[in-house]
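To start, the structure under review is shown below, and the notes come after it.
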Amino acid sequence: MSKHLETLQTLTEYIIKDHPDLLAVFAQIEASTKIIASKLRSAGLEGNYGITGTTNVYGDKVQKLDDFANSLIIKKLEATGQIKMVYSEELQDPVELNKSGKYIICMDPLDGSSNIDVNLNLGTIFSIYDAKDFENRQLPNGDKQICAGYVLYGTSCMMVMTFGDGVDGFTLDTELDSYFLTHQNITMPKSGKNYSLNENAYNSYAEPVQGYIDFIKKEGNRKTRYAAAMVADIHRFLIQGGVFTYPETKQKPKSKLRLMYEISPMSMIINQAGGKSLSFDGRKLINPLNIIPQEHDQTEPIILGSKENVDEIAKFYKD
Ligand code: P6P
């Protein structure tokens, strides 16, 4: 191996060391994401561009690989025998896999799938919960996550995760077909000049967001970075600093992004890296990890990123 990989910890060694009971689950998440990464690389060659012609519960057009990724991950997780249920952004209702399963997985199997046909970044987002936290039909808030992670299908395939004790990142070596620990204890810069926000919706935003947009335009030294895949946008800010927000609008006060499939896992990761995450309940800013979901597919406004940038936006809600 010419890349000193023998000195790097593999994902398997990392899980064995501190989370051995999740070894089978992570082996299957790893296997799923390697296959998805391969399918994405060959989408143009295998006729996997385009949509299925159906829409999901949110009205998003379902891409062919959305269905593929969803079914693949569920099948792989079922093989562990450890997963009681899977909640997926692509499914109207959760799917039960094993009545005696110890864990429950919430996932966005392929986030940003509108980027497939234009060869841009996508992600897979997942949360692992203790099945006990889903008893009595009550859904748990994000603070109950045992683990939150994402895979970024970018120029390289990276898996980033937290178990509540810092954030670590693994890079896939496609020759050796293994993830290696390349980013230990990722710490988010306290601030950054980049921001992700769909400014075109300016007239639909309420005053706080309009006030923020006016402010940064007047200041004039920020850079818009919008990948149409939150995993890509947020990974950029995790490394370089900055802020991502998908706010409420006058027409959609609950905004678009899904609490259990996108906001809670990404918030846990960002908070663990020293960043900050806020949502808005219509009256005040709140910690999204405290929101007890009433529906598994509920959406919430979100601001998350470097602490100083998030606080800067929060000021406009207070004023
Ligand atoms: P819009 C992708 O569909 C997603 O859920 C997020 O990953 C992304 O940040 C957002 O929606 C993009 O939404 O409305 O700009 O297409």
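The values are calculated or read from the model by the stated rules, or taken from the named source; none is laboratory data. All of these numbers come straight from a predicted model, not from anything done at the bench. Note that we place each Cβ from the backbone using ideal geometry, even for glycine, and neighbour counts take in every protein chain shown.
Selection of the stretch 124-151 for residues being assigned to a strand (DSSP E or B), without any contact (Cβ under 8 Å) to a residue 60 or more places away in the chain and buried (at least 16 other Cβ atoms within 10 Å of the Cβ) yields only Tyr129.
Could you list, in sequence order, the residues of the stretch 179-204 that are small (Gly, Ala, Ser) and buried (at least 18 other Cβ atoms within 10 Å of the Cβ)?
Once the filter is applied, which keeps residues that are small (Gly, Ala, Ser) and buried (at least 18 other Cβ atoms within 10 Å of the Cβ), the stretch 179-204 yields Gly192, Ser196.
Criterion first (touching a strand residue (DSSP E or B) at 6+ places or on another chain (Cβ under 9 Å), among the small types (Gly, Ala, Ser) and buried (at least 18 other Cβ atoms within 10 Å of the Cβ)) does Ser71 satisfy it? It is false that Ser71 is touching a strand residue (DSSP E or B) at 6+ places or on another chain (Cβ under 9 Å), among the small types (Gly, Ala, Ser) and buried (at least 18 other Cβ atoms within 10 Å of the Cβ). The listed residues are Ser156, Ser114, and the only one of them that is modelled with pLDDT under 95 and of a type in the set (Gly, Ala, Ser) turns out to be Ser114.
Okay, residues lined up against (1) farther than 15 Å from Thr162 by Cβ; (2) in a loop (DSSP other than H, G, I, E, B); (3) touching a residue at least 40 places away in the same chain (Cβ under 8 Å); (4) assigned by TED's automatic domain parsing to the domain that holds Thr124:
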| position | (1), (2), (3), (4) |
| --- | --- |
| His235 | no, no, yes, no |
| Ser279 | yes, no, no, no |
| Ile303 | yes, no, yes, no |
| Val310 | yes, no, yes, no |
| Ile313 | yes, no, yes, no |
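The residue that is nearest to the ligand (Cβ to nearest atom), counting only those in the stretch 113-123 that are of a type outside the set (A, V, I, L, M, F, W, C) and surrounded by fewer than 23 Cβ atoms within 10 Å (Cβ to Cβ), is Ser114. Can you pull out the residues in the stretch 41-73 that are under 24 Å from Asp297 (Cβ atoms), not hydrophobic (A, V, I, L, M, F, W, C) and not in a helix (DSSP H, G or I)? Residues satisfying the conditions are Thr52, Gly53, Thr54, Thr55, Asn56, Tyr58, Gly59, Asp60, Lys61, Gln63. Residues in the stretch 251-284 that are under 15 Å from Tyr205 (Cβ atoms) and more than 16 Å from the ligand (Cβ to nearest atom) were compared, and the one that is surrounded by the most Cβ atoms within 10 Å (Cβ to Cβ) is Phe280. No other residue among Glu89, Glu78, Glu13 is charged (D, E, K, R), in contact with a Leu (Cβ under 6 Å, 6 or more places away or on another chain) and at pLDDT 95 or above apart from Glu78.
None of Leu40, Leu23, Leu110 is away from the ligand (no atom under 13 Å from the Cβ), assigned by TED's automatic domain parsing to the domain that holds Cys157 and surrounded by 17 or more Cβ atoms within 10 Å (Cβ to Cβ) except Leu40. Here Gly220 meets each of (1) out of contact with any Asp or Glu (no Cβ under 9 Å at 6 or more places or on another chain); (2) near the ligand (Cβ under 10 Å from one of its atoms) with one exception, condition (2). Looking across the stretch 223-250, the residues that are within 11 Å of the ligand (Cβ to nearest atom) and of a type in the set (A, V, I, L, M, F, W, C) come down to Ala227, Ala228, Ala229, Met230, Val231, Ala232, Ile234, Phe244.
If the condition is being away from the ligand (no atom under 15 Å from the Cβ) and within 16 Å of the chain's Cα centre (by Cα), then the stretch 124-140 contributes Ser127, Ile128, Tyr129. If the condition is being closer than 19 Å to Arg41 by Cβ and of a type in the set (S, T, N, Q), then the stretch 72-86 contributes no residue at all.
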